[in-house]
DNA sequence: ACCAAATGACAAACAAGCTTTACATCAAGC
DNA sequence: GCTTGATGTAAAGCTTGTTTGTCATTTGGT
């Protein structure tokens with residue numbers, strides 16, 4: 001899965017830590033997901049979609 | 001997370017095994033997800049959305 | 001009543017997601 | 001050159017997701 005986290009963060013000028021705080025996960029999780037080292041769980045994907053006010057499909061794409 | 005798998009299967013007259021075959025996962029996984037014992041991974045959620053030709057958000061809802 | 005298919009559940013084992021801690025690198029500002 | 005904030009990575013440990021195997025129960029058809 002690809003994701004647009006880095007861009008979406010940049011658009012809002014959020015650090016990985018800022019996003020991690022909003023998602024209530026560790027900064028390392030945000031980093032790992034952003035770098036594609038693993039995919040978020042479905043609940044976390046929903047939370048991410050909430051935070052960015054977008055559909056999951058508009059944030060994550062199959063590769 | 002709630003999900004509409006049972007209904008969506010019923011609409012198509014698919015058994016859990018039928019769906020499992022299409023998703024390329026075990027029947028036990030379909031059963032467990034359907035019964036809410038755990039949530040699918042994000043990649044599997046995407047596959048489910050593909051199979052039903054629906055958005056993830058229209059199949060899974062936060063509870 | 002019988003049979004077969006479908007469903008629900010559990011256990012053991014392994015894979016993937018997430019946490020904390022910790023360390024290294026990089027860029028910006030002073 | 002030093003400090004600070006942001007980023008990338010790694011190890012160890014816990015939790016969650018998925019598999020295979022197995023069994024019990026339910027349901028539909030004949």
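Any read-out appearing in this document is the output of simple, stated calculations on the displayed coordinates, not a laboratory observation. It should be emphasised that the depicted structure is a prediction, and the values quoted were computed from it without experimental measurement. Don't worry about glycine lacking a Cβ; one is built from the backbone with ideal geometry, like all the others, and counts go over all protein chains shown.
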Label points for residue A:21 built 7 Å along Cα→Cβ; distances to same position in the other copies, nm, shortest first, come to 5.2
P(r) over all Cα-Cα pairs of chain A, 5 Å bins from 0 to the longest distance, whole percent per bin, short to long, reads 4, 19, 35, 32, 9, 1
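Which three semi-axes in whole Å describe the equivalent ellipsoid of the protein assembly as shown, each the square root of 5 times a Cα gyration tensor eigenvalue, listed largest first?
Details: eigenvalues 172, 33, 33 Å².
Value: 29, 13, 13 Å, ordered largest first.
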Note: B:36-43 gets an average of partner chain Cβ contacts (10 Å, Cβ to Cβ) equal to 5
